[in-house]
1. Give me the percent of DSSP beta bridges within segment 6-196 that run antiparallel, rounded to the nearest 5.
2. Across 5 Å bins from the origin, how do the percents of Cα pairs in the chain run, short distances first?
3. Is the C-alpha gyration tensor of segment 1-55 telling us rounded, prolate or oblate? Criteria: a/c under 1.5 is rounded; beyond that, a/b larger than b/c is prolate, otherwise oblate.
4. Mind running the shape call on segment 28-102? Use the C-alpha gyration tensor, a ≥ b ≥ c as the square roots of the eigenvalues: rounded below 1.5 for a/c, prolate if a/b tops b/c, oblate otherwise.
5. Would you mind computing, in nm to one decimal, how far apart the modelled labels at LYS149 and LYS121 are, each placed 7 Å from Cα along Cα→Cβ?
6. Can you tell me which of 41-47, 14-20 comes out highest on packing, and rank the rest after it, using the mean Cβ neighbours within 10 Å?
7. Could the peptides 170-180, 102-112 be put in order, highest first, of the mean number of other beta-carbon atoms found within 10 Å of their residues?
8. Determine, for each peptide in 121-132, 157-168, the mean count of other beta carbons within 10 angstrom over its residues, then list the peptides with the highest first.
Amino acid sequence: MKSKKTIAVTMRYDYINSIKETRNSIDFRIVDWIFSMGMEPLLVPNNIKILKFINLKKIDGIIFSGGNNVNNNSIRNNLEYKLLILSKKKNIPVLGICHGLQIINKFEGGTLKKVNNHIRKKHEILSKIKEYPKIVNSFHNYSISKIGKNLKILARSSDGEIEAIKHEKYNWLGWMWHPERDKKFNRNILNIAKQMFK
């Protein structure tokens, strides 16, 4: 029997000052979303030592999950940059969700800006990709101000912000919306992700 594909999934990195504790966490709806593709998630904590394990394991894809604002010095960003380098070396597809799209853009030299009216909202997106939904959720307060090199814009919100990108050389895709937060998973979006990781 053929084993299921394994998708490595990065997690939030939060320091809880009141109890001096560092936590890795993830919205478990992303786990269900990956299972809905018929694939298995491998949760990746924010620890550089995990890269040695990832290198030895057969990974069919990587998802950079949502959560955390992007900044230059975070432990999470450092791990995700190293995973992008690994992706290049081993030709592993990468899907960036919200924070994940921003990391891909920043890795390729792009920049971010503060944006209003994109937290806990729904808005229309404009795209030539007919499988994309017309209305998406929105949970971010940063958006792309300068697109990174070799990145193509696939969708914009009705107010002009970049909502989806694709790398022209590597199999990297980014969405600013959270497909796992829809009440019912969008079948077209699941199929796009499945095709990426096939």
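1. Around 60 percent of the beta bridges assigned by DSSP in segment 6-196 are antiparallel ones.
2. Reading upward from the zero bin: 1, 7, 17, 21, 22, 17, 9, 4, 1, 0.
3. Here segment 1-55 falls in the oblate category.
4. It is oblate, given that a/c is not under 1.5 and a/b is not larger than b/c.
5. Result: 3.3 nm between the two label points.
6. 41-47, 14-20
7. Result, highest mean Cβ count within 10 Å first: 170-180, 102-112.
8. 157-168, 121-132
Every number in this text was worked out from the coordinates using simple rules, so none of it is lab data. A quick note: this is a predicted structure, and the numbers were derived from the prediction, not measured. FYI the Cβ positions are ideal-geometry reconstructions off the backbone, even for glycines, and counts take in every protein chain you see.
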